[in-house]
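Engineer: I'd like to ask some things about the structure below.
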Amino acid sequence: MSILLIVFLPLLAAIIAGLGNRQLGNLAARSVTTGALIIACALSWPIFIQFLNGSAEATVVPVLKWVQSGTMSFDWALRVDALTAVMLVVVTTVSALVHLYSWGYMDEDPDQPRFFAYLSLFTFAMLMLVTADNLVQMFFGWEGVGLASYLLIGFWFRKPSANAAAIKAFVVNRVGDLGFMLGIFGTFLVFGTVSIPEILAAAPGMAGSTIGFLGYRFDTMTVLCILLFIGAMGKSAQLGLHTWLPDAMEGPTPVSALIHAATMVTAGVFMVCRLSPMFETSETAMAFVAVIGAATCFFAATIGCTQWDIKRVIAYSTCSQLGYMFFAAGVGAYGAAMFHLFTHAFFKALLFLGAGSVIHAMHHEQDMRFYGNLRKHIPITFWTMTAGTLAITGVGIAGFVGFAGFYSKDAIIEAAFGAGTSVGQFAFWMGIFAALMTSFYSWRLVFLTFFGEARWAGSEHIQHAVHHEHEDPSEEAGHDNHVENPVGTAGYHPHESPWVMLLPLVVLSLGAVFAGFVFHHSFISEGTGEFWRGALVFHEHLIDAMHEVPTWVKWSPFTVMAIGFVIAWYGYIRNTSFPAAAAEQLGPIYTFVYRKWMFDELYHYLFVVPAFWFGRLFWKQGDVGLIDRFGPNGAAWVVARGSTYAQKVQSGYLYSYALVMLLGLVGAISWVIAG
Amino acid sequence: MGGFPILSVMLLVPLAAGLACLFMDAKSARMLALFATLVDLALGAVLWANFDIGGAQWQFTERAELFPGFSYALGIDGIALLLIMLSVFLMPICIGASWRSIDKRVGEYMGAFLLMETLMIGVFAAQDLFLFYIFFEAGLIPMYLIIGVWGGADRIYASYKFFLYTLLGSVLMLIAMLWMVNTAGTTDIPTLMAYDFDPQAQTWLWLAFFASFAVKMPMWPVHTWLPDAHVQAPTAGSVILAGVLLKMGGYGFIRFSLPMFPEASVQFGPLIWGLSMAAVVLTSLIALVQHDMKKLIAYSSVAHMAIVTIGLFAFNAQGLEGSMMVMLSHGLVSGALFLCVGIIYDRLHTREIDRYGGLSINMPRYALFFMLFTMASVGLPGTSGFVGEFLSLAGIYQVSTWTTLVCATGIILGAAYMLYLYRRVAFGDQKNADAAAMADLDARELLMVVPLGLAVLWMGVYPESFLAPMRADIAALEARLARAAPEGDSRLAMAKEKPAQEEHAAHEGAH
């Protein structure tokens, strides 16, 4: 079975590269892991195509027994259906390209085998997640990708900021995992099984029942779905549990593309779609999903508009796009959610890898204020990133043709409107506002990076590079004048990245351009039920409603996209003093948004500081000050006062303790037996 | 096994070798100790291979009536088998850990360790109440000596504290045992496990046993001896203390308190839940602020043991099997973590976390194993830590959702303090030259950590090997508890208007 190879080859490659480490050398580690991923990718596409043309059936390949305890049992098994097939191609394709890209990006890193081993390990865990046939294996994949994410964020482990970000990612994710775990327990309690197909089959029968939780009684399916969704919120960085994602940008850029854009962070969306028959049974849970998604999509987009770090802009963009997917799921358009997941994987991986190429060219400078005018120096990066930007902003002509994001994002916005509920209305308006901002921050990124004047001279990284590369003192003296004035090239010559980095960019830009056009019939049209075949809930009536939305709704995404483009063009090309003036005008609102709605500060004072404070309190005042003082030390004091003999004992004659105890024991037993 | 007294042989081999060690020079004492523990490991493997899963509850039984009311009776069920396997597996590793770090009075040291092995196996194999008591209490003596003679600077205070705590418990337990024997008229443990004590009397008996087991466990708030004992004990002492001695409390609950006093156990369930909740939250927070590696891991042990107690007092199969798996996993993982501390302590002679840093650079192999054990400690699925934690929490969820919620915060706090520890030791820059100069694991150390690592993964990926032997015993215990088991607060109530809804659904389906 090819699925076994797809899933376990990356694991094998990770073990070889990881344990071989320095003995094996860079080239071997790279080749083994990348080769494994290319094979996995080559095996995944045929599966996907079989599902596309309707010639494949859902299958489950058992692997190994895992746990059986009382009536609870779950095994290792690989499930392949249409939903899994979509994820398989997304995961293996992006992962293979990212592996290849890393050949160039990580070329100078001394620790490459470890890096490639982590990447492959991540891919294995992600594949285990998407092929799970029971909730616990999904949880295994869930935490496995969390581990890989932790290791990769902290890959440059000498950097304190990278370490902090890695721990934050793991711990915040664990908050979500707590919800997931409770959800699994509750599901087992209610259904008596953790097998996903069995749960989904039984879920409709539980509608209307109630369950006890924390001393109160709630609607069963609402509690279960919300608990499970809390897990999805953690993994997919939704409002409240999103704080780890921007910090995760501390990791190497290929990691951000693979894990924090295309695959891992979409696991939450995948989970909701996989369990869609469950969510369908609770209107409250659905509304909860939709509201959280819509709020996240809006909130993250506002922050994206204000950030200067190129990776952080894309990170908040990811957060926002994930919000779209969730509110699509929340209004019942699971097909649209999965479609956006699919197209987003290509164009967002493209944007991240493009950003990596820019960072590579600009000698590790990530601040867009020090970019500018790069389109002439790194033209392939520029054109591929433009393709990605056209895709994410959803450029296209309604009813005719467009880039990838045009099909998927417009479908989501129309579905939200077409759902005809008040939650749907809320999501629709949030989505429209976010689309405006998406267009703005995406074009802002492009204009700041590739257009205008070169502002490289202000960058320490560039200065550093220049001073290292050009030892000629006369040349150096000329550049020192520019330090004060941020405008200028400082004599730096950015180079286009090597072909191993450009090839993935080109392949992904093909995806960004064509993925929507080619696949939208399969994912979100009439008769798409044929494709999904029950792998998720598919509402035919929602497709009809999408087609029947008023014309202004159909054109509104295009309109706001155009407005966003114009504002970005005005602010960053036409009149470059406008953004600063606007920020000044907005004052505290700007600061609030720029500082990411103060979530980090809030959590720091709400959780981190008290945890350490209480830790010290319980230790010094509790254990030492109370328990020890009145417990053993108190007893010692009494004993010491009581008799001089005890004092002697206390000062260390351990043998006598043993003897006394043994004698006492023997005496007691003889007494009993004699009596 | 054709009547071969394998359990007695397993008791005898380390005892004899231990006595011989007392009269030997350092080098031959080490060799003999290693040999004896390996023989016991091999015997353990034979024991496991011949254990008939689904056969009689008590296997490999031996019985010799010494005098009325006291017999030398041995025998094991699946629960005891697994704990014996844990003990004999950890023992050679302990000897290996002491190979170079112990250089004074080596003969006596090895003698103490071998004696402890005998006593530990005895605890799990004893079928006579008083025989159990002897093994159970005498097990402290060698531990005590190990801390008191070969321990750190504050060893006297630590061993004294250890003694004081355990003394109180054992006295009460002995009195309770005497009463039980007088009432039931037998010292045979299997018979007592089926004997129905008067529910009124159960309350007092349960409390007396609780006093002893809670200290051994240790449960909050009688846990404060553990951090001190661990900090002062030599590495191997910590390994065996965390690995096996802490399991005696859990074994006591599962062998005595639950089957012998089911009504009292259920009655005191909320007490156990409350103490466990306190333990998870308080000791995890305390672990977060520790500067001493061993203290940190010791506090984390208290939090993990609380997961054992909630599993036991969930009174269902998932909880009971989960708590057994936590005990086995914690035996491996905390043992391995103390070993990891010992490995770098041997090089730098400090447990101060801040004295290390950046060890991934000069000790990559060490960093790999330390990461594996850290992940197992935080309960990452695929490692041993997950299976037990998951089952225990799944068990208690059926009884008390509040307890589940509070105890499950342990997975967040656990991740926080363990990753914080790992970061300070293995990540960051090499800020201390002496720590940066430390050599990576040598062959001897690899021989110790590799088996532990493999066992951790085995237990995580295919726990069936460990669940199968105890399945019947747990089922029997669950059946015994069934008459008293409480109804959970999470129970399901079906919708009242269900027929109407179904009709509606059918109606929709017809469209």
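Engineer: Of B:Trp402, A:Trp142, B:Trp273, how do they rank once you tally other Cβ atoms within 10 Å and put the fewest first?
Structural biologist: B:Trp402, B:Trp273, A:Trp142
Engineer: Also, I was wondering about something else. Are any of the pairs B:Lys161/B:Lys295; A:Lys620/B:Lys294; A:Lys235/A:Lys348; B:Lys161/B:Lys216 more than 22 Å apart by Cα-Cα distance, and if so, which?
Structural biologist: Numbers: B:Lys161/B:Lys295 15 Å; A:Lys620/B:Lys294 17 Å; A:Lys235/A:Lys348 17 Å; B:Lys161/B:Lys216 13 Å.
Distance filter (> 22 Å) returns an empty set.
Engineer: Which whole-number percent is the relative contact order of region B:354-405 (Cα, under 8 Å, 6+ apart)?
Structural biologist: On the way: 22 pairs, mean separation 7.6, N = 52.
This gives 15 percent for region B:354-405.
Engineer: First select every other residue whose beta carbon is under 14 angstrom from the beta carbon of A:Phe614; then total the charges, Lys and Arg +1, Asp and Glu -1. Working shown, then result.
Structural biologist: Values: positive: A:Arg616, A:Lys620; negative: A:Asp623.
Taking every other residue near A:Phe614 into account, the sum is +1.
Engineer: What does the structure give for A:612-622 when I average, per residue, the other chain Cβ atoms found within 10 Å of the residue Cβ? Write down the numbers at each step before the final one.
Structural biologist: Working: counts 3, 2, 6, 12, 4, 4, 11, 11, 2, 0, 8.
That average works out to 6.
Engineer: Another question about this same structure. Can you give the translational diffusion coefficient of region A:283-328 in µm²/s, computed by Stokes-Einstein from the Kirkwood radius over Cα pairs at 37 °C and 0.692 mPa s?
Structural biologist: Numbers: Rh = 10.5 Å.
Answer from the Stokes-Einstein relation: 312 µm²/s.
Engineer: Suppose R0 equals 25 Å. What FRET efficiency, 1/(1 + (r/R0)^6) with r the Cβ-Cβ distance, do A:His495 and A:Ala28 give to the nearest 0.05? Kindly include the intermediate steps, with their values, before the conclusion.
Structural biologist: On the way: r = 28 Å, r/R0 = 1.11.
FRET efficiency, A:His495 to A:Ala28: 0.35.
Engineer: Let me ask you something else. Cα centroids of region A:27-66 and region A:566-629: how far apart, whole angstrom?
Structural biologist: With region A:27-66 and region A:566-629 each reduced to a Cα centre, they are spaced 43 Å.
Engineer: May I have the convex hull volume per residue, in Å³, for the Cα set of region B:164-225? Write down the numbers at each step before the final one.
Structural biologist: Values: hull volume 5.2 nm³, N = 62.
Spread over its residues, the Cα hull of region B:164-225 gives 84 Å³ apiece.
Engineer: Kindly write out, for region B:304-313 in residue order, the coupling ³J(HN,Hα) from the Karplus curve 6.51 cos²θ - 1.76 cosθ + 1.60 (θ = phi - 60°), rounded to whole Hz, with x marking Gly and Pro.
Structural biologist: With coefficients 6.51, -1.76 and 1.60, one gets 5, 5, 5, 5, 5, 5, 5, x, 4, 8 Hz.
Engineer: With angles folded into 0 to 90 degrees, how steeply does helix A:460-469 sit against the dominant principal axis of chain A? Use alpha carbons for both and round to 10.
Structural biologist: Taking Cα atoms only, the helix is inclined about 80 degrees.
Engineer: Would you mind giving the three semi-axes, in whole Å and largest first, of the ellipsoid equivalent to chain B according to its Cα gyration tensor?
Structural biologist: Working: eigenvalues 262, 191, 88 Å².
Ellipsoid semi-axes (Å, largest first): 36, 31, 21.
Engineer: Rounded to the nearest 0.05, what FRET efficiency do A:Asp544 and A:Ser55 give with R0 = 25 Å and r taken as the Cβ-Cβ distance? Could you check? Don't skip to the end; give the middle numbers.
Structural biologist: Numbers: r = 28 Å, r/R0 = 1.10.
Between A:Asp544 and A:Ser55 the formula returns 0.35.
Engineer: Using the Cβ atoms and a cut-off under 12 Å, what net charge is assigned to the surroundings of B:Phe253, where Lys and Arg are +1 and Asp and Glu are -1? If you can, show how the numbers build up before the last one.
Structural biologist: Values: positive: B:Lys216, B:Lys247, B:Arg255; negative: none.
For residues surrounding B:Phe253, the net value is +3.
Engineer: Here's something else I'd like to know. Compute the acute angle (0 to 90°) between the alpha-carbon long axis of helix A:654-674 and the principal axis of greatest extent of the alpha-carbon atoms of chain A; round to the nearest 10°.
Structural biologist: 60 degrees
Engineer: Another question, if that's okay. Tell me which aspartates and glutamates have Cα within less than 17 Å of B:Lys431's Cα, excluding those fewer than 8 residues away on the same chain?
Structural biologist: Here the aspartates and glutamates satisfying the reach criterion relative to B:Lys431 are B:Glu352, B:Asp354.
Engineer: Placing +1 on the Cβ of each Lys and Arg and -1 on the Cβ of each Asp and Glu in region A:310-414, which of A:Ile392, A:Tyr324, A:Val313 has its Cα farthest towards the positive end of the resulting dipole?
Structural biologist: Sorting the options by dipole projection puts first A:Val313.
Engineer: For chain A, give the magnitude of the charge dipole about the Cα centre (Cβ charges: +1 Lys/Arg, -1 Asp/Glu; no others), in debye to the nearest 20.
Structural biologist: Details: 31 positive and 41 negative charges, 294 e Å.
The calculation lands at about 1420 debye.
Engineer: Hey, got the average number of other protein chain Cβ atoms within 10 angstrom for residues in B:256-266? Working shown, then result.
Structural biologist: Details: counts 0, 0, 0, 0, 0, 0, 0, 0, 0, 0, 0.
Neighbouring Cβ atoms belonging to other protein chains average 0 per residue here.
Engineer: Continuing with the same structure: Given just the C-alpha atoms of chain A, how large is their convex hull per residue in cubic angstrom? Mind dumping the intermediate values first?
Structural biologist: Working: hull volume 162.6 nm³, N = 675.
Each residue corresponds to 241 Å³ of Cα convex hull volume.
Engineer: If you don't mind, another one. Let me confirm one metric for peptide A:128-137, namely the mean number of other chain beta-carbon atoms within 10 Å of its residues' beta-carbons. Numbers along the way, then the final one.
Structural biologist: Numbers: counts 2, 0, 0, 0, 0, 0, 0, 0, 5, 1.
Rounded to a whole number, the mean comes out at 1.
Engineer: State, in angstrom, two size descriptors of region A:1-115 derived from its alpha carbons: Rg to one decimal place and Dmax to the nearest whole number.
Structural biologist: Taking only Cα atoms of region A:1-115, I get Rg and Dmax of 16.9, 53 Å.
Engineer: Based on other C-beta atoms within 10 Å, arrange A:Phe327, B:Phe369, A:Phe346, A:Phe8 from fewest to most. Intermediate results must be reported in sequence, preceding the final value.
Structural biologist: Numbers: A:Phe327 32, B:Phe369 23, A:Phe346 29, A:Phe8 17.
With the sparsest Cβ surroundings first, the list reads A:Phe8, B:Phe369, A:Phe346, A:Phe327.
Engineer: Still on this structure, please answer the following. With n ≥ 4 as the cut-off for DSSP H runs, can you work out [θ] at 222 nm for the protein assembly as shown, using -39500 (n - 2.57) per run divided by the number of residues, rounded to the nearest 500? Walk me through the numbers on the way to the answer.
Structural biologist: Details: 55 runs with 829 residues, N = 1186.
Helix contribution divided over all residues of the protein assembly as shown: -23000 deg cm²/dmol.
Engineer: Rounded to the nearest 10 degrees, what's the angle between the helix A:632-642 long axis and the longest principal axis of chain A, both from Cα atoms, 0 to 90?
Structural biologist: 20 degrees
Engineer: Here's another thing I want to ask about it. P(r) for region B:94-141: what percent of alpha-carbon pairs falls in each 10 Å bin, starting at zero?
Structural biologist: 26, 42, 24, 8
Engineer: Can you give me the relative contact order of chain A as a percent, contacts being Cα pairs under 8 Å and 6 or more apart? Let's see the in-between values first.
Structural biologist: Details: 1145 pairs, mean separation 81.7, N = 675.
Rounded, it is 12 percent for chain A.
Engineer: Additional query: Magnitude of the Cβ-charge dipole of region A:515-596, K/R +1 and D/E -1, about the Cα centre, nearest 20 debye?
Structural biologist: Values: 5 positive and 6 negative charges, 108 e Å.
I would put it at about 520 debye.
Engineer: If you don't mind, there's one more thing I want to ask. Among A:His461, B:His291, what is the fewest-to-most ranking by other Cβ atoms within 10 Å? List each step's numbers first, then the result.
Structural biologist: On the way: A:His461 17, B:His291 12.
So the ranking, lowest neighbour count to highest, is B:His291, A:His461.
Engineer: Quick one: Cα centre-to-centre distance for region A:382-399 and region A:144-196, in angstrom?
Structural biologist: That distance is 33 Å.
Engineer: Would you mind working out the magnitude of the charge dipole of the protein assembly as shown relative to its Cα centre, with +1 at each Lys and Arg C-beta and -1 at each Asp and Glu C-beta, to the nearest 20 Debye?
Structural biologist: On the way: 58 positive and 78 negative charges, 341 e Å.
Computed about the Cα centre, the dipole is about 1640 debye.
Engineer: Here is a follow-up. Can you give me the relative contact order of chain B as a percent, contacts being Cα pairs under 8 Å and 6 or more apart? Let's see the in-between values first.
Structural biologist: Working: 842 pairs, mean separation 74.5, N = 511.
Normalised by residue count, the contact order of chain B is 15 percent.
Engineer: Turning to a different aspect of this structure: Evaluate Rg over Rh across region A:108-151, taking Cα atoms for both radii and Kirkwood's formula for Rh.
Structural biologist: Details: Rg = 12.0 Å, Rh = 10.7 Å.
Dividing the radius of gyration by the Kirkwood radius yields 1.12.
Engineer: Need one number for the protein assembly as shown: average projected area of the convex hull over its C-alpha atoms, nm². Don't skip to the answer; put the middle values down first.
Structural biologist: Numbers: hull surface 195.9 nm².
Mean projected area for the protein assembly as shown: 49.0 nm², to one decimal.
Bear in mind that the values in this text are calculations on the coordinates, not laboratory data. This is a predicted model, so every value here is computed, not measured. In this analysis, Cβ positions are derived from the backbone assuming ideal geometry, glycine residues included, and neighbour counts consider all displayed protein chains.
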